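The structure appears below as structure tokens.
What follows is calculated from the coordinates using simple rules that are stated; it is not laboratory data. As the structure is a prediction and not an experimental result, all values here were calculated from the model. Positions of Cβ are generated from backbone atoms using ideal geometry, with glycine treated the same way; all protein chains shown enter the neighbour counts.
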Amino acid sequence: MGHVVPPEAAALLERARRIVVVTGAGISAESGVPTFRDALTGLWQRFDAQALATPQAFEDDPDLVWGWYEWRRSAVRRARPNAGHAAVAAIEARVPGTVVVTQNVDDLHERAGSTDPVHLHGSLFAPRCSGCSRPASLPDVADEPAGGRRVPPPRCAACAAPVRPGVVWFGEALPQAALDRAVEAAASCDLLVTVGTSGLVYPAAEIPQVAARLGATVIQVNPDETPLDAVAEVNLRGPAARVLPALVAAAWGDTMPT
Ligand code: BV8
Ligand code: ZN
């Protein structure tokens, strides 16, 4: 049974002409990709994700951190985009100029058909040298053991420094071009849909607030309350893979695979 969407939300999407969709870990949860809130398991259970996703952690124990990212990469490889990702791609297809801004480092938006999502926090599939920043090739993804393992990072072909994941770690600046694109889109949109983010990590959490401050309407899709409740005109409390297809169907009547 699809999620019941208030007619007001459907009307907002149906009327919108310049749309931004902001996504966080929650949109990939139903694809089996753990969120940042979910406690870490196996080798990493005694660590906090926010502590592991730092330059310091990589410096202190590169094999542990590289192993963590290889484990996440193999989990994403096994995952499939869900109906939430598909609904985002459907909005893009329906309303030209829609900008998808994600905090996720997985490639599920692309695999669902999204053309050029803005990855604010990088990607699991763009490793580079931690010394000279030269892009590095990814070793074939192995099926990492469920509990994870330490994996020594490959060495840079140019300077032999350890290769690091192409993600933005805490304390590191976001890619300027991506941040600019996200802020520009938020500043000129008439509707921003924020999906599956706790709205706690900055500057990403600023994006929906920029849109609201400049007069756009914000719809939030999240089973739980978040600080973004304060800027959301409409809160759709439910899982993305149920709510988003229902919202698209309610707005445009074309049924989405649920
Ligand atoms: C920087 C990549 C400076 C790595 C990530 C202002 C105020 C306070 C702190 C700061 C501030 N400005 C900066 C900071 C510090 C810090 C920060 O924000 N700290 C927070 C935690 C307090 N920010 C930084 O360090 C940033 N860099 O500031 O640099 C600088 C500037 C110039 C020069 C030098 C330095 C960098 C931040 C990026 C870090 N990298 N990821 C990796 O993935 O390993 S962040 C990572 O965590 C994710 O990308 C994401 O952004 C965040 C997790 O948040 P969510 O995606 O929202 O996921 P979460 O698990 O939290 O929540 C899931 C939500 O989904 C929940 O609400 C849940 O209810 C919901 N949900 C669950 N299931 C479903 C669902 N929703 C829908 N459907 C479902 N089925
Ligand atoms: Zn190098």
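What the table shows:
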read-out	value
Environment charge at H3 (Cβ cut-off 14 Å; Lys +1, Arg +1, Asp -1, Glu -1)	+1
Distant-in-sequence amide H partners of T217 (H built 1.01 Å from N, under 5 Å)	L191, L192
Mean ellipticity per residue at 222 nm, deg cm²/dmol - from DSSP H runs of n ≥ 4 across the chain, formula -39500 (n - 2.57)	-10000 deg cm²/dmol
Neighbour-count ranking [beta-carbon atoms within 10 angstrom, fewest first] of D63, D48	D48, D63
Other-chain or far-sequence residues with amide H under 5 Å of R134's (modelled H)	C129
Electrostatic dipole magnitude of the chain [Cβ: Lys, Arg +1; Asp, Glu -1; Cα centre; debye, to 20]	400 debye
Region 24-32 - phi-based ³J(HN,Hα) in whole Hz, Karplus 6.51/-1.76/1.60, Gly and Pro as x	x, 4, x, 6, 9, 4, 6, 9, x
Of the DSSP H helices in the chain, those whose Cα atoms cover at least 15 Å axially and whose Kyte score averages -0.5 or more	83-94, 176-188, 240-252
Most mobile of P139, P153, P203 in a GNM of the chain (Cα contacts under 10 Å)	P139
Residue of A90, A157, A16 that the Gaussian network model of the chain assigns the largest fluctuation, springs spanning Cα pairs under 10 Å	A157
Under the Karplus curve 6.51 cos²θ - 1.76 cosθ + 1.60, θ = phi - 60°, whole-Hz ³J(HN,Hα) for region 220-235, x wherever Gly or Pro sits	10, 10, 6, x, 10, 6, 9, x, 6, 3, 5, 9, 7, 6, 10, 10
Per-pair calculated FRET efficiency, R0 = 22 Å: A177 and R111 via Cβ, rounded to 0.05	0.45
For region 172-230 and region 145-160, distance of Cα centres in Å	34 Å
Gap separating the Cα centres of region 1-54 and region 112-144, nearest whole Å	20 Å
Added length on full extension, which subtracts the Cα-Cα distance from 0.36 nm per residue, A93 to S137	12.7 nm
